[in-house]
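A short worksheet on the structure shown next.
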Amino acid sequence: MNTIKHKPDVLIIGGGSAGMWAAKRLKERAPELDVLIVDKGGSKWGGLMRLSGGDFEAVLPGEDVNDWVKDLTYYWDGLCEQDVVADLFRRAYDRLEEYHRMGCGSLTDEEGKLRGVPQRGLPHVRLYPTKFKGTGGQVMADAMAKEMDRLGVTYLGRVQISGLVKDEKGRAVGAVGFDCCTGDFLEISARCVIMAAGPASWKPGYNGNTSTGEWVRLCFDGGCKLRNFDTLTVMNAPRKFFWEGQGIYLAFGAKFVNAQGEDFMARYSPSIGSNTDNNFICRGMALEMKAGRGPICFDLSGVPEDRMEFVRPNAGNQLLNHTKLKDAGINFLTDTDIEFIPQVQLTNGGVWTDIKGRTGVPGLYAAGRCRSIDYIYMGGFGLSSTAVTGWIAGDAVADELAAGVGWTGLPRGQVERLREALYAPMKRSGGQMPHQVLRKLNGLMARYDVCLLQSEESLTAARAELGRICAEDLPEMCAPDFHYLAKYNEVEGIAFLTRLFLEASLARRESRGSHYRVDYPKRDERYLGWFIHTKGGAGEVLTEFVPVPTGRYPNPVDRFYTDNFRFDAE
């Protein structure tokens, strides 16, 4: 394999929303900077932004940011960094306005005012839908790609980063990786590095096929602190196909029903019902099926016609999907017998940073969904938080470089060790293929007693099974070509991600937010805080508990969203 060397001022790992917003801010602040984005997807593909609906959360002018902070402190059961969230939403509307200036429209009324959709029954939090449902994310990705060209950002696609490189003082000075098509080895020396990869997932479907957990291991090995890996996003999904945006439907009167036609979420939460987070709905779905009241179906008959413009696909991939389903005799908007199941999507875990995205490792910043902020996901937060945290990281790096930071050459011994480890799987033959091991990991995570209805017994058994997979299957996994080498790295990352999830879930002996233990069904205020993972001297995972610093936050932690639910008594 050839070795290709790059020497940008700033290396950005991940070319989705966060990565491009970081590059945009950097080039606007300092046009002379050489900014390089690397992404394992196609050039200027745009990551999950391109596949998203395009909905965006923002505090509008005249509204009080602290009202949103109060809502989210309540929604996340107290696990809210109030200063971080306030800073994020003070900046969100400006990013939305920049999208509008780039030609990305939002849905408005006759007077041109933005039309918001309430989220999760919260009094203030709203998302603002895209003007044309089905193409919002695509339009945003195309607009940002044009910005990259206009600003002179260099973009390398089909590149997988396999290792962060630090100098003898512990500063991040670049990374190594490979071209997924040619196999060429890349050495990238940089003055600063921004990790802006997408969320870590278990490759649940086409919309999460590339958002895997390699960056989790990279940041862990690089010395970052990781947190929130006890949380999951478990999505309610049609059994036979994919459909996006159930949250908006639920806000306008859609509901899930069991085999008896009952709106079963009213049993678990009379005050909120189905207009809530997917994790709570999926928890209810699992209990209904366990009680023999499945299958679960989605009913849109309660959505008024004047609200259908929010949910009816009218362009892009969603319209194509809707049309093909109708050709097959399925109309998602009118059929009441479409079966839904819980599907594990991703973790909300990520790198713990300060308010500017600094990871604690000098020279290394984090932005986007790999920077852990939210404890329970909600619609529109992804595009909003990735745009803002990308902008923040770009701004902070511009400040650091302006203060004077030079290049440090990549340590040769470290680079050679990373290179040897990278290509080692290609020397194996006759072993398991990455997709075979992935099926075992997915099968483990899909169990309801692991992802939804956890207990000490079920989590301990899952940890033992993961240990077997890591001891017996991973060492046999091989990569006959460069395509499979990329998949090999993804599966290794997913295995490590699963380990962090199980360790954190066992440590949190309570139920809070999206984390639910059948053996500890109540919230325990001793666990008002985050579980932080760091790398020990021998490479082991060290876990510590860090309490929420309520004393320095303006809003008291005295209201909890999960008090609206009872899952321990059917």
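The values are calculated or read from the model by the stated rules, or taken from the named source; none is laboratory data. Small disclaimer: the values here were computed from a predicted structure and weren't measured. Virtual Cβ from ideal backbone geometry, glycine too; neighbours counted across all protein chains shown. These area figures cover heavy atoms from the full protein model, side chains too; ligands, DNA and RNA do not enter into them. Shrake-Rupley method; radii C 1.70, N 1.55, O 1.52, S 1.80 Å.
Search segment 28-59 for residues being more than 15 Å from D142 (Cβ to Cβ) and in a helix (DSSP H, G or I), and hand back the single one that is least open to solvent (accessible area, probe 1.4 Å).
E28
Across segment 136-152, which residue is farthest from T73 (Cα to Cα) among those that are more than 20 Å from the chain's Cα centre (by Cα) and open to solvent by less than 50 Å² (accessible area, probe 1.4 Å)?
G152
Working carefully through the options G406, G413, find the one that is over 30 Å from E57 (Cβ atoms), part of a loop (DSSP other than H, G, I, E, B) and either modelled with pLDDT of 95 or more or not acidic (D, E) (or both).
Going through G406, G413 in turn, the sole match is G406.
Within the bounds of segment 333-340, is there any residue that is modelled with pLDDT of 90 or more, of a type outside the set (V, I, T), exposed (fewer than 15 other Cβ atoms within 10 Å of the Cβ) and in contact with a strand residue (DSSP E or B) (Cβ under 7 Å, 6 or more places away or on another chain)?
Yes, because at least one residue in segment 333-340 is modelled with pLDDT of 90 or more, of a type outside the set (V, I, T), exposed (fewer than 15 other Cβ atoms within 10 Å of the Cβ) and in contact with a strand residue (DSSP E or B) (Cβ under 7 Å, 6 or more places away or on another chain).
From the list T534, T550, T543, which one is among the β-branched types (V, I, T) and touching a Lys or Arg at 6+ places or on another chain (Cβ under 9 Å)?
Exactly one residue qualifies, and that residue is T534.
Can you tell me which of (1) touching a residue at least 12 places away in the same chain (Cβ under 8 Å); (2) not in a strand (DSSP E or B) is the one G62 doesn't meet?
It is condition (1) that G62 fails.
Quick one: in segment 225-254, which of the residues that are of a type in the set (F, W, Y) and surrounded by fewer than 22 Cβ atoms within 10 Å (Cβ to Cβ) is farthest from Q119 (Cα to Cα)?
F241
Count, please, the residues in segment 532-564 that happen to be within 20 Å of K225 (Cβ to Cβ), among the basic types (K, R) and more than 23 Å from the chain's Cα centre (by Cα).
Of the residues in segment 532-564, 1 are within 20 Å of K225 (Cβ to Cβ), among the basic types (K, R) and more than 23 Å from the chain's Cα centre (by Cα).
Filtering segment 425-452 down to residues that are surrounded by fewer than 18 Cβ atoms within 10 Å (Cβ to Cβ) and touching a strand residue (DSSP E or B) at 6+ places or on another chain (Cβ under 9 Å), which residue is nearest to Y516 (Cα to Cα)?
Looking at residues that are surrounded by fewer than 18 Cβ atoms within 10 Å (Cβ to Cβ) and touching a strand residue (DSSP E or B) at 6+ places or on another chain (Cβ under 9 Å), I get A446.
Kindly indicate whether any position in segment 229-236 is in a loop (DSSP other than H, G, I, E, B), within 12 Å of the chain's Cα centre (by Cα) and at pLDDT 95 or above.
So far as segment 229-236 goes, yes, one or more of its residues are in a loop (DSSP other than H, G, I, E, B), within 12 Å of the chain's Cα centre (by Cα) and at pLDDT 95 or above.
What do you reckon, is I355 more than 30 Å from G406 (Cβ to Cβ), surrounded by fewer than 23 Cβ atoms within 10 Å (Cβ to Cβ), among the aliphatic types (A, V, I, L, M) and touching a helix residue (DSSP H, G or I) at 6+ places or on another chain (Cβ under 8 Å)?
Criteria not met by I355.
Given the condition open to solvent by 10 Å² or more (accessible area, probe 1.4 Å), acidic (D, E) and at pLDDT below 90, answer yes or no: does some residue in segment 276-299 qualify?
Checking segment 276-299: at least one residue is open to solvent by 10 Å² or more (accessible area, probe 1.4 Å), acidic (D, E) and at pLDDT below 90.
Would you tally the residues in segment 44-60 being among the basic types (K, R) and under 15 Å from the mean Cα position of the chain (by Cα)?
Residues in segment 44-60 being among the basic types (K, R) and under 15 Å from the mean Cα position of the chain (by Cα): 1 in total.
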